[in-house]
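The next block holds one structure in the form of structure tokens; read it before the comments.
Every read-out reported here was derived from the displayed coordinates using simple, explicitly stated rules and does not represent laboratory data. In this text, all values refer to a predicted model and were calculated from it rather than measured experimentally. With ideal geometry, Cβ positions are generated from the backbone for all residues, glycine too; neighbour counts draw on all protein chains shown.
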Number of protein chains: 2
Amino acid sequence: MKKHTVILQPSGRRGQVDEGTSLRAAARELGVEIESICAENATCGKCLILVEEGRFEKYNIHSRRENLSPVGAEEQAYFARRPKLLKDKGWEVGQVRLSCQARVLGDVLINVPEESRGNKQIIRKSARERAIEVKPAIRKYYVALTPPNLERPIADWERLARELETTIALVRRGEENLPRWFDLTVDYQCLRTLSSTLREAKWNVTVSVWRDREVIAVQPGYVEDSYGAAVDIGSTTVALYLCNLRTGELLAAESEMNPQIVYGEDVMSRIQYTIGHKDGLEKLHKAILATLNKLLKLAAKTAQIKPDEILEVVLVGNTTMHHLLLNLHPKDLGLAPFVPAIHSSVDIKARELGLQINPSGNVHVLPTIASFVGADTSGMLLAEEPHMQDENWLLIDVGTNAELVLGNRQRLVCTSTPTGPALEGAHVEYGMRAAPGAIERVQIDEKTLEPRYKIVGEEEWNTGKAKGICGSAVIDAVAELFRVGIIDSRGRFTSGQKSDRVREGENGWEYVIARAEETSIGRDIPITQKDVRQIQLAKAALFTAARTLLNQTGLQSPDKIILAGGFGSYIDKEKAMLIGLIPDCELERVYAVGNAAGDGARIALLNVEKRDEIDSVTRGVERLELPADPEFQNQFMLAMNFPHMSEPFEHIAHLIPNRQADPMAKKFMK
Amino acid sequence: MKKHTVILQPSGRRGQVDEGTSLRAAARELGVEIESICAENATCGKCLILVEEGRFEKYNIHSRRENLSPVGAEEQAYFARRPKLLKDKGWEVGQVRLSCQARVLGDVLINVPEESRGNKQIIRKSARERAIEVKPAIRKYYVALTPPNLERPIADWERLARELETTIALVRRGEENLPRWFDLTVDYQCLRTLSSTLREAKWNVTVSVWRDREVIAVQPGYVEDSYGAAVDIGSTTVALYLCNLRTGELLAAESEMNPQIVYGEDVMSRIQYTIGHKDGLEKLHKAILATLNKLLKLAAKTAQIKPDEILEVVLVGNTTMHHLLLNLHPKDLGLAPFVPAIHSSVDIKARELGLQINPSGNVHVLPTIASFVGADTSGMLLAEEPHMQDENWLLIDVGTNAELVLGNRQRLVCTSTPTGPALEGAHVEYGMRAAPGAIERVQIDEKTLEPRYKIVGEEEWNTGKAKGICGSAVIDAVAELFRVGIIDSRGRFTSGQKSDRVREGENGWEYVIARAEETSIGRDIPITQKDVRQIQLAKAALFTAARTLLNQTGLQSPDKIILAGGFGSYIDKEKAMLIGLIPDCELERVYAVGNAAGDGARIALLNVEKRDEIDSVTRGVERLELPADPEFQNQFMLAMNFPHMSEPFEHIAHLIPNRQADPMAKKFMK
């Protein structure tokens, strides 16, 4: 058989193909995927490409539109229906072709425009930039059915299913992981409207297939896009991302306070509420559902789509949020041995849960890993992929509770520890959330002992009126107090400081950051001895958890530290290390990655294979229960010191004033 | 390794097994399945057997209880909890053993009582007697879980799933079609109560697994039995059979009129109702659901179980009943080309349909085959198994519509034809249902032309007061009128009859079966010329359908005719053949099998493999659409004659008076 050269831009892929091969098939042979949704029927136009004409000396070919088969009637008809497209782009038919129709008769150089390229990717920033291949659970196929007649009055579903088989086979020819046709089923609610939709649509419909196995929607005519939402249910904030499932594009991001907060600030108090009130679970479940439905509606409005067009939702959240979402009673999470109802990921119909998207749509909840290592941690793992690394990474998601995962492709160990609310600015004398008026940064001059501070919402330092201190500033303040020597390595205020900011207040020693006249509350805002103790307890808990994981895997320190969650983004890495909140490590190797859990939800939404991956990864994560570790108390005592009673903390050692060995250390060391 | 002889009664199976083999394992090696549900933990007692002691010369062994391992503590404990069992049966421990515990140390002869035998069977009567192996979709497993503690706080579902794996593997060791463990899932509503059930039950629960893949119920403690219902939704009558899914036993049979009858007598008028009334479908759907729920409740009461213990329902019905049950709009069944929404069998959760059994239970609806060949025909095929035969069987389900299937293991062809209501006694001048007062049998003396008749509810002939004529008597009467020469082969009343019972009435000629004084209505009850014409039309339609199927498969006549449905049981086979209602065939090879559709539903309920079988069989059935057959009109005209214008009808030829070739026949024959 005669062969011709085909060159594909911008990828630069090239090779020889048999005469008569369709361009789309030729591209696949050469490793370039071109989209299609209509089973190569010249209907969808998703496979459109451009012929570059001229002599290309570099490749020694003469590319001409005549080297492709002539434009046939169906292809002509397709372009005739789109005069605006041709005019806007300045294309003429012949130059622009449908690659499913055009056959190779001679050498050609082809340009595959962005929108025609298959296997779309989205780029996300993380500890490293990485591309997510868009492989959604839902794929759409356009089919034009032969209407039934007396000779062939086969049932509507079987008529559709048989045609779908052919279409899917053509559209996905050559792909790996081809679907198992014989298992194709139809969702019951979708079946209920199938017959009328087919007839209203005059037998031309677009079918949405979930995971290659279940038809979940049938829409009249040709429809290109499907939509899905990724949701991170935090104890405080619920964030929802609405995406185009074909392109991966983010169409809307909406967030709202978690309404359950009125039933309890933290997860434990919400669990208590469900135990103490007969209708407690129902109230908390309905509250989060209402918020999710509100966010879905808002996002759909922003994206100018109908909520019914949303065909899937992927959710993450800590174990308690996971249980309350799924209407599973969390009482056993509140009592030792703190057992969740389920670890495995859950797939249920939106209608069964009451989520107001397409009733046949699927709700996928990522797996939980351990008692307090929830689906949010699964999302973080999916976003950061420690299981793909050779290096040992330590991932920390800090909140009232901290979840930690350490390891690499060989082994992952996780644990969790309560850190108390101090790190988030709560239970600190003048603590508050990172809202306008909150001091978010603090520096102290080591000579004058005078502070500088920055307030949320202000551009400049030392401007604005302070209302309180948020978590990041509390850490800053404690680190600075230690660095300038106002408090010692045991966290005690040292005597004889030459500054009136250091004083004995009502509740013991304190350091005034903002004087009354600089505040909007008309009172001095200090950091107190008690506040320092709170931070010590929190950081000792977190560090001990990290140390236990490190010891478990035989490591002195991790190769990289990844701080997930809002908290990680706000804190000053150097100061966090100075107080020993995180283990010693090169500072450039400490990353704050923001809402990794939410990112993980988006990844699982856009790439269905990632769901299977995280199911498998989480099943293999070892769970370490801290109270079960006999060394825990000793390690905790050692970690109470700034930065630590027995560890060198080389990377911030130069900042530590008058460093000397603490004689108490021996008592707690093996 | 040392070997010993094990003999199993009553099967007589025997062989040598390795010393130390458990009796249950030994039995399986020798081809005898012994029940178990507790993973061989000496808990369930389902594997109990008896040791027969003594010398058995025939086998040359000396069977002694000492030839089994001693009764251990757990087995002892099991029997200690059941003093009544031992007392009632007169058994002593040692003689009676748990076969999962007793190990072979010497020769033994064992008696396996009925209740311990696995692979239970139920016997049903049909065209031939056959045994149905009980292999339900739902299997129960008892598991005793280790409660969680701080060292191993794994989630409840995973704790259960892992233990279940072990249990199922032990219980079903050696069986074919072993489940795919890794696919085990849990129904969402079942998951919701899992944690509390496990704790209330102190971690000892019985788990019901559907189709080896989904956990659908978790009950506290040890529970042996599951229940399921098989339902035949007829246009007129709904029949429900409640069965024990372990033993196959029928526990209750309940029936009720189909409440949809108030919206239309036949399927077409009900379809019209859904087209003409906006809420028509909803009304008809809710009506049948209400009746099903009533029957389920009644049956549960009869069987003294809770409706919640019913874990599965299998349903059959004609295509319209199928659609109305599933809330699928039947409007396209009412208009050419008469297309159903779906052929494939349907599985949906009871809660989704609104059936009041266990909400996690499954509803299985058998497949439909063609426009008017519904799930009831699938049930009939499952009950009669023409697809297992070498002979060609013709199956006919007669009602207002008749469904016919012809063929054997090589090929099955089906069709349907409207027969009109005449065969059921409707639209006949004095026609009525087969209720008290209805004449059900008629004979006419060929000399005197005097009739004898039998009335429903009367023991003796010619006693009681007649109210009308039911379908079987209309056929009898027409056949007798033909046999004695009152009507000719074209169905016309012949002139010059010497009986005042043959007379010209208001609407033409008629024959009086019961005189006014013999009736409860005070009027003569005749068969009229018009009635004869009705029967001619009905029988011509049915015969033509059968002839078309026979021609399609190149057969002159079937090897066996099977009449399903109530109608088939009431008619006189010889008379039906005499008027040419059914094709010519040896009379002894015509069988009436009663409610074969309902039997099929029961078979599918009790043996899950039969569901896959019928799915596959129905997919292969060829559908013949009669109006599409050009020969149809000619065949129909030929079939209007008694018994037929051109076919010899050898098996009843001796009954036909003055038989001679009808010159008209040539006109219609090829």
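Observations on the structure shown:
- Secondary structure note: in the protein assembly as shown, about 70% of the DSSP beta bridges are antiparallel.
- Cα centroid separation, region A:186-215 to region A:643-670 (Å): 67
- Each other copy places its own label point for A:Met388 at 5.5 nm from this one, sorted shortest first, where the point lies 7 Å along the Cα-to-beta carbon line.
- Once backbone amide H atoms are built at 1.01 Å from N, B:Gln9 has B:Ile110, B:Asn111, B:Val112 as its partners under 5 Å, excluding neighbours fewer than 5 places away on the same chain.
- Out-of-range pairs (alpha-carbon distance over 22 Å; input A:Lys465/A:Lys539; B:Lys539/B:Lys575; A:Lys467/A:Lys530; B:Lys294/B:Lys610): A:Lys465/A:Lys539; B:Lys294/B:Lys610
- Note on A:Arg490 and A:Glu200: the model spin-label points, each 7 Å out from Cα along the C-beta direction, lie 7.7 nm apart.
- Label-to-label distance for A:Glu29 and A:Ser646 is 6.9 nm, based on points extended 7 Å past Cα in the beta-carbon direction.
- Between region A:94-122 and region B:519-598, the alpha-carbon center distance in angstrom: 66
- Rounded to 5, the percent of DSSP beta bridges in chain A classed as antiparallel: 70
- Shielding of peptide B:183-196 by partners, expressed as the average count of other chain Cβ atoms within 10 Å per residue Cβ, is 4.
- Residue by residue, region B:508-513 carries 3J(HN,Hα) couplings of x, 5, 7, 10, 7, 8 Hz when phi is fed to the Karplus relation 6.51 cos²θ - 1.76 cosθ + 1.60 (θ = phi - 60°); x denotes Gly or Pro.
- For region A:431-442, the Karplus equation 6.51 cos²θ - 1.76 cosθ + 1.60, evaluated at θ = phi - 60°, returns couplings of x, 7, 6, 6, 10, x, x, 7, 5, 10, 9, 9 Hz by residue, with Gly and Pro reported as x.
- Reachable aspartates and glutamates from A:Lys297, criterion Cα separation under 19 angstrom, eight or more residues apart if same chain: A:Asp225, A:Asp232, A:Glu249, A:Glu254, A:Glu256, A:Asp308, A:Glu309, A:Glu312, A:Glu352
- Amide proton proximity set for A:Ala402, modelled H, under 5 Å, gap of 5+: A:Thr417, A:Thr419
- In nanometres and ascending order, the distances from the B:Glu57 label point to those of the other copies are 11.2 (point 7 Å from Cα along Cα→Cβ).
- Candidate aspartates and glutamates for bridging to B:Lys89, where Cα separation is under 16 Å - those fewer than 8 sequence places away on the same chain excluded: B:Glu52, B:Glu114, B:Glu115
- FRET E, pair A:Glu504, A:Glu282, Förster distance 60 Å, beta-carbon r, rounded to 0.05: 0.75
- From phi via Karplus (6.51, -1.76, 1.60), per-residue ³J(HN,Hα) for region A:382-397 in Hz, x at Gly/Pro: 5, 6, 9, 6, x, 6, 9, 9, 8, 5, 8, 9, 10, 9, 10, 10
- Distant-in-sequence amide H partners of A:Cys585 (H built 1.01 Å from N, under 5 Å): A:His651
- Number of partner chain Cβ atoms within 10 Å, mean per residue of B:333-343: 6
- Closest approach of a chain A Cβ to the axis relating A and B (residue, whole Å): A:Glu352, 4.
- Modelled spin labels at A:Thr236 and A:Asp445, positioned 7 Å past Cα toward Cβ, are 3.2 nm from each other.
- Pairwise centroid distance, computed over Cα atoms, of region B:1-32 with region A:349-391, Å: 51
- At R0 = 35 Å, FRET efficiency that the Cβ-Cβ distance of B:Arg82 and B:Glu133 yields, to 0.05: 0.75
- Considering only beta bridges that DSSP places wholly inside region A:227-372, some 60 percent are antiparallel.
- Restricting region B:471-572 to trypsin sites (Lys or Arg not before Pro) in coil, as DSSP defines it, with at most 15 other Cβ within 10 Å: B:Arg490, B:Arg492, B:Lys498, B:Arg515, B:Arg523
- Region B:519-598: GluC sites (Glu not before Pro) in DSSP loop, at most 16 other beta carbons within 10 Å: B:Glu586
- FRET efficiency estimate (nearest 0.05) - Cβ-Cβ, A:Lys306 to A:Asn111, R0 30 angstrom: 0.25
- Comment: the Cα-to-Cβ extended label point of A:Arg162, at 7 Å, lies 4.9 nm from its counterparts in the other copies, nearest first.
- Counting charges near A:Lys530 (Lys, Arg +1; Asp, Glu -1) among other residues having Cβ under 11 Å from its Cβ returns a value of -3.
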